[in-house]
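Engineer: Dropping the structure in here first, questions after.
The values are calculated or read from the model by the stated rules, or taken from the named source; none is laboratory data. On a predicted model such as this, the values are computed, not experimentally measured, just so you know. Backbone-built Cβ (ideal geometry, glycine too); neighbour counts: all protein chains shown.
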Amino acid sequence: MMRKNPAEAQARLNDLQQGFGDALIFFPGGEDYRVCFAGDSLFIVKELSPDDDWIEHWPAFCGHLFAMASMLQDLETNIGNPGLRAIVSYGRLLQLRESDSWREEPISRYTRNWLVLTGASGALLKCTEAERLGSKGGFHGGYFWHEDPEKERSYRGTPLYKIPPELCCQPALYRAFYYETIQKAKRESELPDSDA
């Protein structure tokens, strides 16, 4: 469609981006995430303040994303698409001046689902690098790749499997999903050193 009718393809991507951002309200806690499409990749970011202990948030965030990826994988494969490669990374935020300005009117109505003003560049760079390496770099499709919080740039790959939808929307289960992904991990991969 991008070759035959680029305007229609762009309109559909915009609708999908907006629709996915709006759909996050069905996953309790998702309303605090930021969403953006870049090509055929979807980025979901949870920004934490420097005072927050990110390791405390990591299991619930990863489990939450696994629940969403599980549902999306099911939808994708049911319509004949090959499915997803989900990659979850962490990283420091760039320090932005007036970093909360996107929340104010009139900007907020245009940036609610964008990463336009986000500073989460470290995690985005790692995700983009893993996606670029793809299967050749060990990051196979059909897997949920989650970075080890104790060893940066090291990832576990857990095959995406279907979670009943009624369980996917229960925040009390998100941490349990994360620990289950660790137990069910079938692959490991590492990003090359950043200064290599």
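Engineer: Here is a list of conditions, (1) of a type in the set (Val, Ile, Thr); (2) modelled with pLDDT of 95 or more; (3) farther than 16 Å from Pro59 by Cα, and Ile107 meets all of them except one; can you say which number that is?
Structural biologist: Going through the list (1) of a type in the set (Val, Ile, Thr); (2) modelled with pLDDT of 95 or more; (3) farther than 16 Å from Pro59 by Cα, Ile107 breaks only (2).
Engineer: Please work out which one of (1) assigned to a loop (DSSP other than H, G, I, E, B); (2) touching a residue at least 12 places away in the same chain (Cβ under 8 Å) is the condition Thr181 fails and give its number.
Structural biologist: It fails just one condition, (1).
Engineer: Same structure, new question: For Phe177, are the conditions met, namely being hydrophobic (A, V, I, L, M, F, W, C), surrounded by 13 or more Cβ atoms within 10 Å (Cβ to Cβ) and within 22 Å of Gly122 (Cα to Cα)? Before the answer, list the steps.
Structural biologist: Values: hydrophobic (A, V, I, L, M, F, W, C): yes; surrounded by 13 or more Cβ atoms within 10 Å (Cβ to Cβ): yes; within 22 Å of Gly122 (Cα to Cα): no.
Against the criterion (hydrophobic (A, V, I, L, M, F, W, C), surrounded by 13 or more Cβ atoms within 10 Å (Cβ to Cβ) and within 22 Å of Gly122 (Cα to Cα)), Phe177 does not qualify.
Engineer: Now, a different point. Tell me which residues, restricted to the stretch 61-84, are part of a helix (DSSP H, G or I) and aliphatic (A, V, I, L, M). Steps first, answer last, please.
Structural biologist: At the first step, the residues of the stretch 61-84 found to be part of a helix (DSSP H, G or I) are 61-78.
Once the filter is applied, which keeps residues that are part of a helix (DSSP H, G or I) and aliphatic (A, V, I, L, M), the stretch 61-84 yields Leu65, Ala67, Met68, Ala69, Met71, Leu72, Leu75.
Engineer: More than 15 Å from Ala130 (Cα to Cα) and of a type in the set (D, E, K, R): which single residue out of Glu188, Glu166 fits that description?
Structural biologist: So the residue among Glu188, Glu166 that is more than 15 Å from Ala130 (Cα to Cα) and of a type in the set (D, E, K, R) is Glu166.
Engineer: Still on this model: Say we look at the stretch 120-132 and pick out the residues that are over 13 Å from the mean Cα position of the chain (by Cα) and surrounded by 15 or more Cβ atoms within 10 Å (Cβ to Cβ); which of these is nearest to Leu93 (Cα to Cα)?
Structural biologist: Looking at the filtered set, the residue picked out is Gly122.
Engineer: Out of everything in the stretch 143-159 that is among the charged types (D, E, K, R) and part of a loop (DSSP other than H, G, I, E, B), what residue ends up being surrounded by the fewest Cβ atoms within 10 Å (Cβ to Cβ)?
Structural biologist: Glu150
Engineer: Can you pull out the residues in the stretch 141-157 that are basic (Lys, Arg) and in contact with an Asp or Glu (Cβ under 7 Å, 6 or more places away or on another chain)?
Structural biologist: Arg153, Arg156
For (1) surrounded by fewer than 13 Cβ atoms within 10 Å (Cβ to Cβ); (2) modelled with pLDDT of 90 or more, each residue gets a yes or a no:
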| residue | (1), (2) |
| --- | --- |
| Lys4 | yes, no |
| Gln10 | yes, no |
| Ala23 | no, no |
| Arg34 | no, no |
| Lys46 | no, no |
| Phe61 | no, yes |
| Leu65 | no, yes |
| Ile79 | yes, no |
| Ile87 | no, yes |
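Engineer: In the stretch 154-170, what count of residues is obtained for those that are farther than 15 Å from Ala69 by Cα and over 16 Å from the mean Cα position of the chain (by Cα)?
Structural biologist: Qualifying residue count for the region: 1.
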